[in-house]
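The structure appears right after this line, and notes come after that.
The values are calculated or read from the model by the stated rules, or taken from the named source; none is laboratory data. None of these values were measured; they are calculated from a predicted model. Backbone-built Cβ (ideal geometry, glycine too); neighbour counts: all protein chains shown. The accessibility values were calculated without ligands, DNA or RNA, using every heavy atom of the protein model including side chains. Shrake-Rupley method; radii C 1.70, N 1.55, O 1.52, S 1.80 Å.
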Amino acid sequence: DYIVVKMIPDNRLPPRHLHSVHTGKTFAVIKWESPYDSPDQDMLYAVAVKDLVRKTDKIYKVKTRNSTVEYTIKKLEPGGKYHVIVQLGNMSKESSMKINTVPLSAPDALKIITENDHILLFWKSLALKESNFNESRGYEIHMFDSLMNITAYLGNTTENFFKVSNLKIGHNYSFTVQARCLYSGQMCGEPATLLYDELGTGEDSSATKTGRSTDVAAIVVPVLFLLLVTLGISFVVLYMRHRRLQNSFTAFANSHYSSRLGSAIFSSGDDLGDEDDEAPMITGFSDDVPMVIA
């Protein structure tokens, strides 16, 4: 024997299993389940979003009959902190959670250029890859001195470079550049960090770089000079050999020139040492001499 019992829905229960599915820079996808299984009518939910940084509230309404509800909260700010409350429209018990949106990315290509008495920090504009970043917001720069174990705020700028002076010899520094923090430093971008240890040897960085350049030049210049001298000598030797061979050949050809024949006569070397060296050379036959072939 069995009996079927249908429970009376209790609309005073809170939504179940409220959690975040995905969080971006300007949006968050949340998900929850109805207070009871298989609702037989549309249920109206109130989604309250409290901005913990700006101290503002927004309420959204969601009407559905589904047991599982997925909702996207839009128009959030990068690096923001929010408190989300979901409950039925009759102000029943609530379910809540906290959400932190993804902050702005760190600036790319952070580099250091050393000058005589200061350094310059350079980086790419964050607006090139972040559509939510406005250059008027600017950047802020921090410096960490590892020797003194002190972090200092150097200032902010709307440019893509920053000048840093008064660095101490023998200290190692770490510089960070990030999108300027808003609302008392609660909404910041991701920092780009670069280590500067040019002064770690206790020497002035400009003097060190000048010394390095001088050392390189002292090595490269003599090597190039020797290469040029060697090439010049090789060229002269080849030219002299060429002239000597040309003169020898000309003299040899002139010594074997026959003015009667109008050409130079060279021996193959087979008849060298024969006794008939002084025999007259047969140069040809006359047309009036008959040729007899045996």
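Quick look at the values:
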| item | result |
| --- | --- |
| Solvent exposure ordering (accessible area, 1.4 Å, most first) of Y183, Y45, Y60 | Y183, Y60, Y45 |
| Accessible heavy-atom area order of R241, R180, highest first, probe of 1.4 Å | R241, R180 |
| Percentage of interatomic Cα-Cα distances in the range 108-197 larger than 20 Å | 34 percent |
| Accessible surface of the range 1-112 [probe 1.4 Å, protein heavy atoms]: carbon and sulfur percent | 51 percent |
| Table column - 3J(HN,Hα) (Hz), the range 81-92, Karplus curve with 6.51, -1.76, 1.60, x for Gly and Pro | 10, 9, 10, 9, 10, 10, 7, 5, x, 8, 6, 7 |
| Accessible solvent surface per residue of the range 127-180, calculated while the other protein chains remain in place, 1.4 angstrom probe, Å² | 57 Å² |
| Probe 1.4 Å - accessible area at L231, Å² to nearest ten | 120 Å² |
| Sites K74 and N11 - FRET efficiency at Förster radius 35 Å, r taken between beta-carbons, to 0.05 | 0.80 |
| Nearest-10 value in Å² for the accessible area of L110, using the 1.4 Å probe | 30 Å² |
| Convex hull per residue volume in Å³, alpha carbons only, for the range 23-74 | 76 Å³ |
| From phi via Karplus (6.51, -1.76, 1.60), per-residue ³J(HN,Hα) for the range 93-109 in Hz, x at Gly/Pro | 5, 10, 10, 9, 7, 10, 10, 10, 6, 6, x, 5, 5, 7, x, 8, 6 |
